[in-house]
Amino acid sequence: MRIEKYYFLDNNLIEYWNEIESKNNFYGFQSQEWIINWIENLGLLNKKLTFFFYVVIENEKPIAIFPFELKKLYFFKILSLIGDNQTDYKSPIFDKEYFDERSIKRIWVSLKNHLPSHDVINFTNVPENIGLNKNPFLMAERFEPYSLSFFINLSNKNNLNFISKRSLKDLDRYTRRLSELGSFTFKEVKTEDEFKKIIKFTIFQKIKRYKKTGGLNHLSKLEVQSFYKYLFKNKLIKFTPHLTYLSIDNEIIASHLGFYDADRYYYYMPTFKEKYSKYSPGRILLKNLISNSISKKHKFFDLTIGEESYKEKWGANKMQIYQFIEASSLKGILLKIYFVLINKIKKSPMLRFYYLKFKKFKVL
């Protein structure tokens with residue numbers, strides 16, 4: 001076994017990545033296409049980030065790729081998996097034929113000796129499973145529960161009978177009421193101009209929602225907004241952006257940015273106009289998206305990370321999401337404490353409210 005280090009877009013790295021992807025199933029967020037697009041159109045804009053990849057070779061075949069970023073934050077160095085807040089699932093990719101607990105631990109111990117100087121490791125959004133298989137990376141260290149993800153198994157489903165009759169009746173009633181207000185339609189975006197228009201609405205409404213609920217605003221930076229605005233133009237093929245919306249006459253009332261790959265649809269960024277909230281336009285749009293996935297023969301409808309209570313009502317299965325934090329220096333211990341506190345703030349509406357209020361006060 002040997003470990004090779006590569007920087008962004010090395011030809012050997014691309015070849016190794018293609019070889020592992022061709023034989024294994026991963027989430028779209030782990031695909032070479034998504035990670036390259038994220039680095040080229042967002043990651044490289046951050047001069048404090050350095051990207052590098054470790055490829056594990058055994059018997060002259062690539063068996064794992066670890067995509068890392070090293071971030072300089074003041075006088076700290078933070079080692080993370082690539083993707084920041086735009087990537088719901090983060091994990092190395094593996095050739096499933098080679099892995100058991102003993103081998104992954106051996107590889108990880110060896111790999112840690114190759115890592116660049118850092119103060120803390122902070123691996124977030126690490127999924128319990130890769131598809132229906134256990135994520136082997138979780139055997140490498142003592143990962144802690146971080147959040148939950150939900151998904152609907154659509155295999156052998158030809159309709160929405162798995163959703164409660166009461167929920168479907170409610171949605172039919174809301175749909176009729178919206179139809180009485182004008183021409184009510186569900187649309188999939190097909191052109192670049194339409195994409196620009198609807199994604200602008202989506203980002204605007206999402207930011208308004210963050211402000212109202214006290215959520216951490218991941219869309220506050222213009223470069224992040226631009227990343228989403230140019231998704232259509234960048235023509236992702238294996239992990240395809242899918243933008244949809246509901247409208248009454250010419251007024252957009254709800255929208256959703258999602259993605260799909262060969263097997264899975266990803267419910268990623270939903271939003272709606274507050275004045276129509278009594279009609280549950282978000283739930284109506286979700287129902288249409290699930291129906292659409294069934295017709296397109298997706299095996300899974302992935303509701304992605306987030307512990308919102310409504311997800312279980314759609315017949316979804318839970319998946320645990322993990323985090324691993326390890327300090328490598330005295331400075332790193334301070335940063336680890338900070339990350340633990342931030343996690344507590346994210347999970348507590350009251351703490352999040354006071355945290356955001358404090359940040360606003362400090363800015364003023």
Check: Taking Y310 and the conditions (1) modelled with pLDDT under 95; (2) closer than 16 Å to F184 by Cα; (3) not polar (S, T, N, Q), which numbered condition does it fall short on, given that it satisfies the others?
Finding: (2)
Next item on the list: Kindly indicate which of F76, F53, F29 is more than 26 Å from L222 (Cβ to Cβ), touching a residue at least 24 places away in the same chain (Cβ under 8 Å) and not basic (K, R).
Entry: F53
Next item on the list: Return the only residue of I290, I252, I284 being among the β-branched types (V, I, T), within 30 Å of P145 (Cα to Cα) and more than 18 Å from the chain's Cα centre (by Cα).
Entry: I290
Check: In segment 136-167, what count of residues is obtained for those that are of a type outside the set (K, R), in contact (Cβ under 8 Å) with a residue 12 or more places away in the chain and farther than 30 Å from F123 by Cβ?
Finding: 8
Notebook entry, point to check: Which one is farthest from W108 (Cα to Cα), of the residues in segment 56-72 that are within 23 Å of the chain's Cα centre (by Cα) and among the aliphatic types (A, V, I, L, M)?
Noted result: L70
Item checked: segment 200-232 - residue that is out of contact with any helix residue (DSSP H, G or I) (no Cβ under 6 Å at 6 or more places or on another chain), assigned to a loop (DSSP other than H, G, I, E, B) and not basic (K, R) and, of those, surrounded by the most Cβ atoms within 10 Å (Cβ to Cβ) -> L231
Next item on the list: With the condition kept exactly as written, say whether any residue in segment 346-357 is modelled with pLDDT of 90 or more, over 30 Å from L160 (Cβ atoms), surrounded by 13 or more Cβ atoms within 10 Å (Cβ to Cβ) and not basic (K, R).
Entry: no
Check: So, of the residues in segment 159-199 that are among the small types (G, A, S) and assigned to a helix (DSSP H, G or I), which turns out to be nearest to K313 (Cα to Cα)?
Finding: S167
Next item on the list: Mind listing whichever residues of segment 59-76 are touching an Asp or Glu at 6+ places or on another chain (Cβ under 7 Å) and surrounded by fewer than 20 Cβ atoms within 10 Å (Cβ to Cβ)?
Entry: F76
Notebook entry, point to check: Does any residue of segment 101-119 turn out to be crowded, with 20+ Cβ neighbours inside 10 Å and farther than 20 Å from V56 by Cα?
Noted result: yes
Check: Has segment 47-69 got at least one residue that is out of contact with any strand residue (DSSP E or B) (no Cβ under 9 Å at 6 or more places or on another chain), more than 17 Å from N18 (Cα to Cα), in the same structural domain as L334 (by TED's automatic domain parsing) and outside any loop (DSSP other than H, G, I, E, B)?
Finding: no
Item checked: Residues of segment 19-37 satisfying the condition of being surrounded by fewer than 19 Cβ atoms within 10 Å (Cβ to Cβ), part of a helix (DSSP H, G or I) and touching a helix residue (DSSP H, G or I) at 6+ places or on another chain (Cβ under 7 Å) -> E21
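The values are calculated or read from the model by the stated rules, or taken from the named source; none is laboratory data. Predicted, not measured: the structure shown is a model, and the values here were computed from it. Cβ coordinates were reconstructed from backbone atoms using ideal geometry, including for glycine residues, and neighbour counts include every protein chain displayed.
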